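Note sheet for the following structure.
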Amino acid sequence: MIRLWSARQSLQSRHDRLTAEQRRARKYSFVQPAIVLAIALLITLLYFFSDGFRSEVHEALSALGTGDVDAVRDYLRSYGVWAPIASLCLMILQALAAPVPGFLIVFANGLAYGVLWGGLLSLTGQILAAILCFWIARSLGRAPVEALLGRFGLGSADKWFSKWGSKGVFLSRMVPGVGFDAVSYAAGLTPITFGAFLLATTAGTAPQTFIYAYLGQSAPDSARLLLILSTAVLAVVIIGAVLASRRASKRTGEAA
């Protein structure tokens with residue numbers, strides 16, 4: 001009886017503790033979305049009411065849009081000693097607003113700073129961009145991410161991560177052409193912990209980043225070839241996902 005009573009007391013204590021933690025979580029659940037929305041509002045206001053900020057954004061997007069590594073490098077170097085900070089900001093901007101591959105900036109960093117420092121700078125920028133996308137998705141929920149990636153793209157990511165978990169993040173980072181930012185957004189909607197996401201992103205991104213930095217230093221013209229290759233890989237992935245989805249739907253219809 002004494003053991004039974006002690007076990008009941010332990011279970012009750014654990015239940016009370018969990019209930020208190022749940023109440024505390026609900027109480028502060030609005031904090032993350034509020035911070036993200038406040039930052040988005042600030043950036044929007046700066047864009048529309050600050051000519052200097054708007055001009056910088058247009059110039060950055062224009063440099064990225066050329067697909068020219070030399071143009072991106074020259075844009076970064078125009079900031080002088082602040083060029084590394086400009087590179088980090090450009091990588092974050094690319095993740096949020098520019099539909100161009102981030103490896104162009106990695107090539108430019110390799111061309112400007114060499115393999116080691118250019119690679120480290122690029123890896124830092126990519127990790128920061130991935131963290132931002134991850135927490136935007138985790139804070140705002142599924143609807144904004146679905147609007148950004150599309151229902152089909154997000155559904156495919158759901159299946160991928162439900163099968164592989166954080167290993168899926170690592171594998172996705174290793175494949176050229178797989179959307180870096182899309183993986184970060186989609187992972188933010190899964191039960192994957194932030195620590196596991198950060199570790200998988202760093203481990204999966206680092207080899208590719210230093211290879212790109214080396215190519216940027218020694219063969220910058222290969223960026224265009226890599227752009228074509230990445231587009232082809234992305235097309236194959238999309239086509240494969242569509243065919244797999246159709247086969248699954250067909251099997252479901254036959255089973256019914």
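The ranking of 190, 205, 124, 44 by Cβ neighbour count inside 10 Å, starting from the fewest, reads 44, 124, 190, 205.
With neighbours defined as other Cβ atoms within 10 Å of a residue's Cβ, the residues 78, 139 order from fewest to most as 78, 139.
Every read-out reported here was derived from the displayed coordinates using simple, explicitly stated rules and does not represent laboratory data. From a predicted model like this one, the values you see are computed outputs, not experimental measurements. Backbone-built Cβ (ideal geometry, glycine too); neighbour counts: all protein chains shown.
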